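Report on one structure; see the data block that follows.
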Amino acid sequence: MSSEKGTPLQSETSTFHAPSEPLAAHSSERTTQNFSVIGKRNLKYDWHAKLTGAAKYTDDLRLPRMIYGRLLRSPHPHARILRIDVSRARAMSGVFAVLTGKDLPIRYGILPSSQDETAMALEKVRYVGEAVAAVAAVDEWTAEEACNAIEVVYEPLQPVMSIDEALDPDSEKIHDWTKHANIQKNVLLEFGDLDEGFAEADRVFEDEYFFEGNTHVPMENHAALANWEPTGKVTVWSSTQTPHYLHRELARVLDLPPSRIRVIAPPVGGGFGGKSEAFSHELVAPVLSRLSGRPVLISLSREEVFYCHRGRHPVRMWIRTGVKSDGTITALDFKSTLDGGAYGSYGIATTYYTGALNTLPYRVPRYRFEGRRVFTNKPPCGPKRGHGTVQPRFAIEAHLDRIAGELGHDPAEMRKGMLVSPFSWTVNHLRVTSCGLPEAIDAVLERSGWREKHGHLPQGKGIGLACSVYLSGAGLPIYWNPMPHSGAQIKIDRGGGVTVYCGTSDIGQDSDSMLAYVVAEELGVDIGDIHLVTGDTSLAPVDLGSYSSRVTFMAGNAARQAASKLRAQLFQVAAARLDVPEARLGAAGGMIYDLEDTERQIPFAQAAQLAEAEFGTLGETGSYTPPKLAGPYKGSGVGPSPAYSFTCAVAEVDVDLETGILSIQKIWVAHDLGRALNPVVCEGQIEGGVYMGWAEAVIEEQVFRKGLHKQPSLLEYKIPTSLDMPDVDTTIIESIDPEGPFGAKEVGQGPLAPVIPAIANAVYDATGIRIDSTPIMADKVLRAIEMRRKQHAAAV
């Protein structure tokens with residue numbers, strides 16, 4: 001960002017930094033200098049619609065005779081439902097349909113191992129805000145009045161509101177099937193002989209940490225529009241990150257053949273993980289439409305979005321590490337306990353993720369992980385940007401900082417000495433391909449002035465560093481099967497237009513732009529000649545969804561594969577027309593030309609006509625399936641990825657020692673993303689991650705009192721504005737991954753994780769105090785300062 005708050009982003013603070021020894025890439029890859037689209041600062045594909053407000057989000061859609069739905073939600077965190085009387089609501093003028101949980105009794109869940117939810121509560125409610133009934137009416141006000149007319153008789157039960165209460169064997173069970181208290185899942189994984197590792201260590205360190213839960217706060221609230229046709233087919237437009245999985249859950253809950261269901265994801269105004277599974281309103285709207293004979297739109301209020309949640313789990317962590325005198329790790333023992341809220345959601349996967357990536361980016365020869373997730377009477381937690389890896393990264397990086405300090409090492413140099421190598425395997429069977437983390441660390445050290453500042457700033461001022469790693473998509477689908485994770489179809493028309501069909505959902509991460517860039521580069525056409533059909537389960541091939549930072553790597557590879565097949569056909573006919581070998585042809589700017597004599601060329605549209613005459617209608621498909629990477633143990637499906645991104649962040653802070661107020665002065669971040677398909681978009685993703693990480697470090701917390709959300713609005717749940725944002729210096733590291741599309745890896749989620757521990761470590765550098773929980777608010781810092789003063793006074 002620029003140094004002046006509120007002004008546009010400045011490119012001079014965003015730097016390219018390639019590794020000194022470029023990693024191996026496919027022999028077919030072209031150099032950056034030969035790209036016509038890739039690596040350029042192009043406009044986003046949908047820039048005009050977003051800039052002018054012409055983009056149509058779900059809540060903007062209107063169909064003839066459309067009516068409106070509302071959900072009645074529980075006021076209790078834990079209660080039995082004794083009776084529901086909907087007669088008054090059904091009798092109201094303007095009401096078309098009323099539903100309760102008994103109308104949709106089939107259980108569902110995003111994971112096959114967690115089918116524990118119903119569209120509306122049946123025998124009991126398990127959190128404040130859980131849906132218990134639904135109404136469709138002529139307008140939203142009538143629907144709201146009808147909801148208020150529904151009488152629900154509850155028998156309140158003792159709520160379980162914390163990890164400790166959930167672990168108490170005498171606590172009220174939230175789900176009858178749990179065997180031990182309210183524990184949903186226990187995990188134990190061990191790799192290598194830990195006793196041996198700790199015996200080899202010169203020092204052993206042990207710490208505990210707590211990461212408070214927080215939520216996504218997308219700009220666009222959740223919404224769904226359903227139209228049940230007289231033919232028995234139903235179309236659902238929804239603000240969803242995962243049209244394919246929503247399609248699957250609709251078929252299950254509605255008990256319909258999947259062929260009768262169509263899901264369309266219009267532009268999505270932010271998701272961050274919070275729109276990656278099915279919600280009550282998406283499942284209820286189609287049935288209300290069937291009963292009323294009209295399209296039904298359900299748009300959630302901001303308060304409802306807070307209670308839907310599915311955000312960051314609160315996690316309690318314990319870590320024990322054996323190290324040699326130089327800081328090299330000999331053994332790592334890590335335990336996590338997750339507060340999962342009332343239902344499973346992605347929680348089993350989240351539990352594994354709190355342990356899966358802890359053997360990266362540092363060499364860990366022996367590792368043990370124990371994880372457990374408990375149910376509480378709060379809205380269900382799920383995935384938020386950096387799913388399950390952000391909490392342990394905070395703990396590990398703060399822990400390593402303490403180790404470096406007590407061993408007398410520079411925290412950055414100690415980390416550099418134990419990084420994993422490119423093209424290697426970890427002890428828990430994770431395969432590493434490209435890795436530009438050494439260059440990332442060097443970049444932020446130089447640009448931040450780390451060596452001159454760390455340990456040398458005045459009291460109250462400090463600088464801290466942390467590193468992180470993240471997936472470029474999960475190696476396995478949620479429902480295991482041998483089919484591709486992403487597919488693409490491309491057709492070329494006689495006028496030179498190119499249409500790309502892909503099931504991806506653009507949630508603001510610019511996946512639409514990515515598809516356009518990849519195909520335009522491969523075919524040599526202008527971005528303006530690309531047309532996209534995305535996020536439609538009836539028109540486009542399956543893509544599993546926008547989660548786990550998978551879309552660029554997987555959909556990008558699928559689209560490139562389809563485009564390369566068409567490129568071969570075009571080059572065959574162009575070579576014949578130009579009388580040159582195919583190997584000597586290039587394509588860019590809408591022309592196919594002789595690389596040795598660029599004056600010899602043929603327009604793309606003409607080549608398309610020649611190819612259609614030769615081969616028939618021009619259309620090809622592409623797909624991507626990750627290599628089989630899972631290890632030989634249960635739970636190995638979580639963690640493997642075709643490639644990992646790596647990030648290093650440095651934060652400089654100012655702490656007022658009299659008030660505890662923490663100010664973030666500047667953040668430097670370097671991210672290894674393989675190759676930047678568009679540096680502008682990549683910088684935006686990196687800086688967005690920094691923004692969210694900073695907010696989680698010092699401001700955000702989702703907390704409850706007697707089951708009620710303490711801050712269920714944007715007036716109360718504080719998130720920073722653009723004017724609050726500290727200066728950010730962004731460096732792009734290009735390691736050119738051999739398996740990514742044009743060498744690209746993920747950029748959407750990884751940059752968030754190191755920001756939080758970097759800030760915590762900077763607070764220590766400024767004050768000499770380690771804060772072991774988030775968020776790092778002024779009252780917490782001040783209490784720690786005052787406690788240290790009392791300890792010093794007592795010692796004197």
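The values are calculated or read from the model by the stated rules, or taken from the named source; none is laboratory data. These numbers were taken from a predicted model, which means no experiment stands behind them. All Cβ positions, even for glycine, are placed from backbone atoms using ideal geometry, and neighbour counts span all protein chains on display. Ligands, DNA and RNA are stripped out before the accessible areas are found, and what is left, the full protein with its side chains, is counted by its heavy atoms. Shrake-Rupley method; radii C 1.70, N 1.55, O 1.52, S 1.80 Å.
Worth a mention:
- Relative contact order of the chain, defined on C-alpha pairs under 8 angstrom at six or more residues apart (%): 17
- Solvent-accessible area of Thr330 with every protein chain in place, 1.4 Å probe, in Å² to the nearest 10: 10
- Percentage relative contact order, region 484-624, counting C-alpha pairs under 8 Å, at least six apart: 34
- The alpha carbon convex hull volume per residue for region 664-767 rounds to 140 Å³.
- Over the C-alpha atoms of region 168-227, the Rg to Rh ratio, Rh being the Kirkwood estimate, stands at 1.20.
- Percent of C-alpha pairs per 5 Å bin, region 568-711, short to long: 2, 7, 10, 8, 8, 9, 10, 10, 9, 7, 6, 5, 4, 3, 2, 0
- Convex hull volume per residue for region 484-624, taking Cα atoms only, in Å³: 99
- Computed from the C-alpha gyration tensor, the three semi-axes of the ellipsoid equivalent to region 259-327 are 43, 14, 12 Å, from longest to shortest.
- Label-point separation in nm, Val204 to Lys56, each point 7 Å along Cα→Cβ: 6.5
- Here is how the number arises for the chain: DSSP H runs of 4 or more residues each give -39500 (n - 2.57), the sum is divided by the residue count, and the result at 222 nm is -8500 deg cm²/dmol.
- Note on region 345-466: the alpha carbon radius of gyration divided by the globular reference 2.2 N^0.38 Å gives 1.25.
- Once the mean of 1/r is taken over each pair of separate Cα atoms and inverted, the chain shows a Kirkwood hydrodynamic radius of 27.6 Å.
- Sorting 209-216, 319-326, 710-717 by average packing, meaning the other beta carbons within 10 Å per residue, from highest down gives 209-216, 319-326, 710-717.
- The Cα atoms of region 196-277 define a convex hull whose projected area, averaged across directions, is 10.2 nm².
- For region 230-355, alpha-carbon Rg relative to the globular expectation (2.2 N^0.38 Å, N residues): 1.48
- Expressed per residue, the C-alpha convex hull volume of region 676-716 stands at 91 Å³.
- Difference of contour (0.36 nm per residue) and Cα-Cα distance, Glu596 to Asp727: 42.5 nm
- Taking 7 Å steps out from each Cα toward its Cβ at Asp168 and His48 produces label points 6.2 nm apart.
- Placing unit charges on each Cβ (+1 for Lys and Arg, -1 for Asp and Glu) gives the chain a dipole about its Cα centre, and among Ala143, Tyr343, Leu189 the Cα reaching farthest toward its positive end belongs to Ala143.
- For region 57-115, a Kirkwood hydrodynamic radius built from all Cα pairs, placed in the Stokes-Einstein relation at 4 °C and 1.567 mPa s, yields a translational diffusion coefficient of 85 µm²/s.
- Residues whose placed amide H lies under 5 Å from that of Arg73, excluding near-sequence neighbours: Val132
- Dimensions of region 539-591 based on its C-alpha atoms, expressed as ranges along the principal axes with the largest first, amount to 47, 21, 18 Å.
- Considering all different alpha carbon pairs of region 711-796, the Kirkwood hydrodynamic radius works out to 17.0 Å.
- Lysines whose Cα lies under 26 Å from that of Lys173, excluding same-chain neighbours fewer than 8 positions away: Lys102, Lys124, Lys185, Lys335, Lys378, Lys706, Lys710
- Span-rule helices in the chain, defined as complete DSSP H runs reaching 30 Å or more along the axis (Cα) with Kyte mean at least 0.0: 551-578
- The length gained on full extension between Phe423 and Val703, counted as 0.36 nm times the residue separation minus their Cα-Cα distance, comes to 96.6 nm.
- Contour excess over end-to-end distance, with Cα ends at Met219 and Ala613 and 0.36 nm allotted per residue: 137.0 nm
- Taking only protein heavy atoms and a 1.4 Å probe, the accessible area of region 235-275 is 50% carbon and sulfur.
- Annotation: per residue accessible area for region 484-624 equals 35 Å², rounded to a whole number [probe 1.4 Å, protein chains only].
- Ranked packing of 132-143, 338-349, most packed first, by mean Cβ within 10 Å: 338-349, 132-143
- Surface accessible to a 1.4 Å probe, Lys780 within the full protein complex, Å²: 40
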